[in-house]
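Since the structure comes first, as structure tokens, the remarks are kept for the end.
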Amino acid sequence: MDPATSYGILSLLPPLVAVILAFITKEAVFSLLIGILVGIFITGQNVLFGFTGLVQDALGNADFIWVVCIEVFVGIMVAYFQKSGAINAFTDKISKKNIKAAGAQIMAWLLGIFIFFSDYFSPLYVGTVMKGITDKARVSREKLSYICSSTSAPVCTLIPFSAWGVYEAGLLVGIGAFANKTIATNAVVKMVPYNFYGIISILLVGLIAGGIVPDFGPMKKAEKRARETGKVIADGAKPMIGKELEQIKPNEGTRPNLLINFFAPAIIIIGVTLGTYLISGNAKTLEGFIAAVVFQFITMLIQKMATVQELVDTAIEGIKGIMSAVIILSLAYCLNAISKELGTANYVVSITKAWMTPTLLLVFTFLTCAFVSFFTGTSWGTYAIMTPIAIPLAFELTGGGITNIIYATIAAVMGGGCFGDHCSPISDTNILSSLASGSDHMDHVKTQMPYALTAATISCILYLILGFVL
């Protein structure tokens, strides 16, 4: 038997333990660590040597280093925003317009949709920019984190030329009638109307932000606390953002220029990321953050806002401020690695593949992708696993032709992977949303889950109906 699938139901234990403990203890680091150790124990390895080997394998790769580098430069960028006084100046300017809670939430929602090209940059920027504004409007950090998360990945799944769309098109090439990238890309474009989860998630955020749909579940309690007491985080909560970033203050007499110190860094990031994508087809997000930080450093020196030593010290404080997020992200990668070794995703697929019928193909594809994504904390990993399984099944139903069933199946894969990722405490985008908004990570996951489940339930009903119609 293939080692990657030989552990059967035991392969579900590490992520299951981690998720259950996270909800019970609200301690993400502890829960992830226990889940990892359970996984190592199942493999029969020495726990000490198995853990050190796992850390080296899971974290010694380009993907992890890339994400950590982005977090590091985000920490430095936020620290420089604080040191220049740019965020406070922007917040003060907006606050003069006396924006209420609904207005602040809608602003965050629209900003998240506008930054459609990166599921990493979107929550990081929206959370950083809007935190002061939503705090003054007495919007809970949990709500801001939800808005950040639900206008990042769902938006990306609906944009065919985003990194997500390009990635999915690449996975489709060679399957059935998808002979080349052009045909595959065209299919990704045509799947958009069937991506019910992406569409509903984004609409739901707007309806809730505008007060058209009232808050429900744990979010209702969080919002009531924020409105009535002004406490944007719960008592005993542990915000993901470090105190180091909160405590950075501009030097006396510093007067930031909003165009240079606030808008320009964001324009640089957008310009580099979007420009490199349009030119080369590969968005250089990290390079955009580095360019923005270098710009901040140089301009703040020229403006005499700080000395070189002060700017270096500020950068170090910025890095310290994001360390809790880096630790959680590191452990999430380790848990994902041990789950991969145990064959968690393969096991989930093996027990659900038998349920696939023509009528239920779409809804089961959506749910299977959600299940895999939830337990692995990765949408893209789910797409890589499920695309070669679900799309051939769809082609069997169409006789090899590219029809609406194919487009809907692609959409179910993308939407399902996004849904599972949205509910998972080990998802990197959830971690980044908690970091940027300064929310307790488990509070973010618990308050967002009912909204994600609502969007998913409506999506399942629509896929079920579509399965009978197509």
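Take the conditions of a type outside the set (S, T, N, Q), part of a helix (DSSP H, G or I) and open to solvent by 60 Å² or more (accessible area, probe 1.4 Å) and apply them to K93. Does it pass?
yes
Go through the residues of the stretch 143-164 one by one and say whether even a single one is more than 20 Å from T429 (Cβ to Cβ) and touching a residue at least 60 places away in the same chain (Cβ under 8 Å).
No, that holds for no residue.
Counting only residues that are without any contact (Cβ under 8 Å) to a residue 60 or more places away in the chain and crowded, with 24+ Cβ neighbours inside 10 Å, how many does the stretch 418-446 have?
1
Being modelled with pLDDT under 85 and among the β-branched types (V, I, T): is that true of I328 here?
yes
Of L311, L331, which residue is out of contact with any strand residue (DSSP E or B) (no Cβ under 7 Å at 6 or more places or on another chain) and open to solvent by less than 10 Å² (accessible area, probe 1.4 Å)?
That would be L311, the only listed residue that is out of contact with any strand residue (DSSP E or B) (no Cβ under 7 Å at 6 or more places or on another chain) and open to solvent by less than 10 Å² (accessible area, probe 1.4 Å).
Only one of these conditions is not met by P214: (1) outside any helix (DSSP H, G or I); (2) without any contact (Cβ under 8 Å) to a residue 24 or more places away in the chain; (3) closer than 27 Å to M414 by Cβ. Which number is it?
(3)
Which residue, of D119, D135, is under 15 Å from the mean Cα position of the chain (by Cα) and either open to solvent by less than 50 Å² (accessible area, probe 1.4 Å) or at pLDDT 90 or above (or both)?
On the way: D135 fails: under 15 Å from the mean Cα position of the chain (by Cα).
Just one listed residue meets the conditions, D119.
Inspect the stretch 17-39 for any residue being more than 22 Å from A292 (Cβ to Cβ), open to solvent by 60 Å² or more (accessible area, probe 1.4 Å) and not in a helix (DSSP H, G or I) and give the result as yes or no.
Looking through the stretch 17-39, at least one residue is more than 22 Å from A292 (Cβ to Cβ), open to solvent by 60 Å² or more (accessible area, probe 1.4 Å) and not in a helix (DSSP H, G or I).
For L301, which of the numbered conditions (1) on the phi < 0 side of the Ramachandran plot; (2) at pLDDT 90 or above; (3) not in a helix (DSSP H, G or I) fails to hold?
Every condition holds for L301 apart from (3).
Can you find a residue in the stretch 365-375 that is open to solvent by 10 Å² or more (accessible area, probe 1.4 Å), aliphatic (A, V, I, L, M) and more than 27 Å from A22 (Cβ to Cβ)?
No: the stretch 365-375 contains no residue that is open to solvent by 10 Å² or more (accessible area, probe 1.4 Å), aliphatic (A, V, I, L, M) and more than 27 Å from A22 (Cβ to Cβ).
Only one of I465, I461, I351, I389 is β-branched (V, I, T), over 20 Å from the mean Cα position of the chain (by Cα) and within 23 Å of P160 (Cα to Cα); which?
When all the criteria are applied, what remains is I389.
Scan the stretch 204-239 residue by residue and report those that are of a type in the set (K, R) and surrounded by 13 or more Cβ atoms within 10 Å (Cβ to Cβ).
The answer is K220, K221, R225, R227, K231, K238.
Taking I175 and the conditions (1) farther than 24 Å from I279 by Cβ; (2) touching a residue at least 24 places away in the same chain (Cβ under 8 Å); (3) in a helix (DSSP H, G or I), which numbered condition does it fall short on, given that it satisfies the others?
(3)
So, V192, is that one open to solvent by less than 60 Å² (accessible area, probe 1.4 Å), out of contact with any strand residue (DSSP E or B) (no Cβ under 6 Å at 6 or more places or on another chain) and touching a residue at least 24 places away in the same chain (Cβ under 8 Å) or not?
yes
The values are calculated or read from the model by the stated rules, or taken from the named source; none is laboratory data. Being a predicted model, the structure only gives us computed values, none of them experimental. Reconstructed Cβ throughout: ideal geometry from the backbone, glycine too, with neighbour counts over all protein chains shown. These area figures cover heavy atoms from the full protein model, side chains too; ligands, DNA and RNA do not enter into them. Shrake-Rupley method; radii C 1.70, N 1.55, O 1.52, S 1.80 Å.
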